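Reading through the structure tokens given below for one structure.
The values are calculated or read from the model by the stated rules, or taken from the named source; none is laboratory data. On a predicted model such as this, the values are computed, not experimentally measured, just so you know. Note: ideal-geometry Cβ built from the backbone for every residue, glycine included; neighbour counts use all protein chains shown. Heads up: the accessible areas ignore ligands, DNA and RNA and are worked out on the full protein's heavy atoms, side chains in. Shrake-Rupley method; radii C 1.70, N 1.55, O 1.52, S 1.80 Å.
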Amino acid sequence: MIRPILIHPDPRLKKVVDPVSDITDELRAVADDMLETMYDAPGIGLAGPQIGLMSRLIVLDCVKEEGAAPRPLIMFNPEIIASSDEKSVYEEGCLSIPEQYAEVTRPAEVTVTWMDRDGNAREDSFDGLWATCVQHEIDHLNGKLFIDYLSPMKRQMMTRKSQKLKRERARA
Ligand SMILES: [Zn+2]
């Protein structure tokens with residue numbers, strides 16, 4: 001089932017959300033919905049708060065090559081346990097801030113721990129687009145958006161544009 005995605009500004013996108021203590025069938029179904037919603041958008045990552053789920057759950061799939069096998073990841077309680085000193089810059093976007101993009105500098109490589117769909121503890125390192133995406137999604141769980149890395153002026157401009165788009169969509 002495709003879920004509606006919250007558009008910035010929304011107070012739910014500014015909250016630090018709670019860890020998942022028990023991976024229930026209901027939460028597994030939400031995670032599957034989130035992947036479906038992300039692929040449909042289309043996007044490469046989606047975090048719980050973006051659909052109003054105030055729990056530490058993100059999904060991502062940064063495989064971009066045409067015809068390549070998808071690699072969907074479901075992460076409950078993801079945590080960055082190590083970040084490289086080396087940085088990388090990507091032009092980021094966000095399904096909650098549609099049609100707007102800006103360059104953000106982040107660690108080029110991160111090591112992340114999480115629980116998978118079956119509740120198994122997992123750990124992996126990510127680089128390239130995967131590293132940017134997983135950091136962007138984990139930020140969502142801490143009420144942080146990619147525009148928070150930009151200058152106040154740029155952030156206000158993008159917020160106003162997003163607000164306008166949100167009003168237009170509400171009217172449509
Ligand atoms: Zn986002």
Averaged per residue, the 1.4 Å probe accessible area of the range 1-89, protein heavy atoms only, in Å², is roughly 53
Note, PRO98: beta-carbon cut-off 10 Å, +1 each Lys/Arg, -1 each Asp/Glu, net +2
Kirkwood Rh and Cα-based Rg: tell me the resulting Rg over Rh for the range 41-169, rounded to two decimals. 0.97
Would you mind getting me the FRET efficiency between THR113 and ARG12? Use the beta-carbon distance for r and R0 = 35 Å, nearest 0.05. 0.85
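In Å, the Kirkwood hydrodynamic radius of the range 98-172 over pairs of distinct alpha carbons?
14.6 Å is the Kirkwood radius here.
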Hits for the chain under the membrane-span-like helix rule (DSSP H, Cα axial span at least 18 Å, Kyte-Doolittle mean at least 0.0) are 128-141
Using a basic spin-label model with each label point 7 Å from the Cα along Cα→Cβ, how many nm lie between ILE2 and GLU65? 2.8
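Rounded to a whole number, what % of the accessible area of the range 1-157 do carbon and sulfur atoms account for, probe 1.4 Å?
49
Given R₀ = 22 Å, what would the calculated FRET efficiency be for GLU168 paired with ALA41, taking r from the Cβ atoms and rounding to 0.05?
0.80
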Across 5 Å bins beginning at 0, the whole-percent shares of Cα-Cα pair distances in the range 14-116 come to 2, 11, 19, 22, 23, 16, 6, 1
For the range 21-80 the mean separation of alpha carbon contacts under 8 Å (6+ apart) over residue count, i.e. relative contact order in percent, is 26
Listed residues ALA31, ALA68, ALA121; largest mean-square fluctuation, Gaussian network over the chain with Cα springs below 10 Å, found at ALA68
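Which entries in LYS87/LYS166; LYS14/LYS154; LYS64/LYS164; LYS15/LYS154; LYS15/LYS64; LYS144/LYS164 show an alpha-carbon gap greater than 25 Å?
Values: LYS87/LYS166 33 Å; LYS14/LYS154 18 Å; LYS64/LYS164 30 Å; LYS15/LYS154 22 Å; LYS15/LYS64 30 Å; LYS144/LYS164 21 Å.
The answer is LYS87/LYS166; LYS64/LYS164; LYS15/LYS64.
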Among VAL16, VAL63, VAL112, the residue with the largest mean-square fluctuation in a Gaussian network model of the chain built from Cα contacts under 10 Å is VAL63
